[in-house]
Amino acid sequence: MIKRIFIFIAAVVVAFLASYFPHHLIIQAKEVNLSFSLLSVYIFYVIAALLVYTIVEFIAEKMPNQAGYAYLASIFLKIGFFVLIFKSSVFSNDALSKIERISLIVPLFLFLILEAVFISKLLNNK
């Protein structure tokens with residue numbers, strides 16, 4: 001269990017480094033001012049992915065039949081916390097530009113896919 005968590009942490013850190021820095025450089029090259037901090041969005045998704053995986057890992061250890069439900073519930077909680085935390089910077093703006101929308105979607109799908117792959121491996125092994 002601990003080994004799988006550390007492997008997931010390493011994968012998340014690699015995904016963060018491989019995605020954030022090129023993303024940030026592209027934003028800077030296009031000279032776009034985002035209405036939110038790109039780094040804080042990425043950090044939110046890193047922390048959320050680690051929490052979701054850790055929660056599902058512990059629940060799969062104790063109650064393997066309920067791990068899928070825990071994953072679904074944690075995804076909904078993650079979306080809710082994102083809305084609460086970034087309400088003033090992201091959702092106060094009526095019309096986000098295309099680059100701002102893409103900048104929100106890229107980390108969401110990156111870490112969502114990473115979570116789904118690791119959790120599906122975990123649930124298939126249980």
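Excluding Phe36 itself, what net charge comes from residues whose Cβ is under 13 Å from its Cβ, given Lys and Arg +1 and Asp and Glu -1?
Numbers: positive: Lys87, Arg101; negative: Glu100.
Around Phe36, the surrounding residues sum to +1.
In order along region 25-37, phi translates into HN-Hα couplings of 5, 5, 4, 5, 5, 7, 6, 9, 9, 7, 7, 9, 8 Hz, rounded to whole numbers, per the Karplus curve 6.51 cos²θ - 1.76 cosθ + 1.60 with θ = phi - 60° and x for Gly and Pro. Note: relative contact order over the chain, using C-alpha pairs below 8 Å and six or more positions apart, is 38 percent. Given their separation in residues at 0.36 nm each and the Cα-Cα distance between them, Val117 and Phe76 gain 13.0 nm when the chain is fully extended. Any chance you could give the angle, 0 to 90 degrees and rounded to 10, that helix 38-62 forms with the longest Cα principal axis of the chain? Here the helix axis deviates by roughly 10 degrees. Estimated from helices alone, the mean residue ellipticity of the chain at 222 nm is -28000 deg cm²/dmol (sum of -39500 (n - 2.57) over DSSP H runs with n ≥ 4, per residue). Summarising the overall dimensions of the chain from its C-alpha atoms, the Rg and Dmax are 15.9, 50 angstrom.
Cα-Cα over 26 Å: which of Lys3/Lys78; Lys62/Lys121; Lys3/Lys87? Those over the limit are Lys3/Lys87.
Within 13 Å, Cβ to Cβ, of Ser97, how many net charges do the neighbouring residues add up to if Lys/Arg are +1 and Asp/Glu are -1?
The answer is 0.
Using θ = phi - 60° in the Karplus curve 6.51 cos²θ - 1.76 cosθ + 1.60, the 3J(HN,Hα) couplings for region 8-18 round to 5, 4, 4, 5, 5, 5, 5, 5, 4, 5, 6 Hz; x is entered for Gly and Pro.
Read-outs: derived from the displayed coordinates by stated rules, not from any lab. As the structure is a prediction and not an experimental result, all values here were calculated from the model. Every residue, glycine as well, gets a Cβ built from its backbone with ideal geometry; the counts of neighbours run over all protein chains shown.
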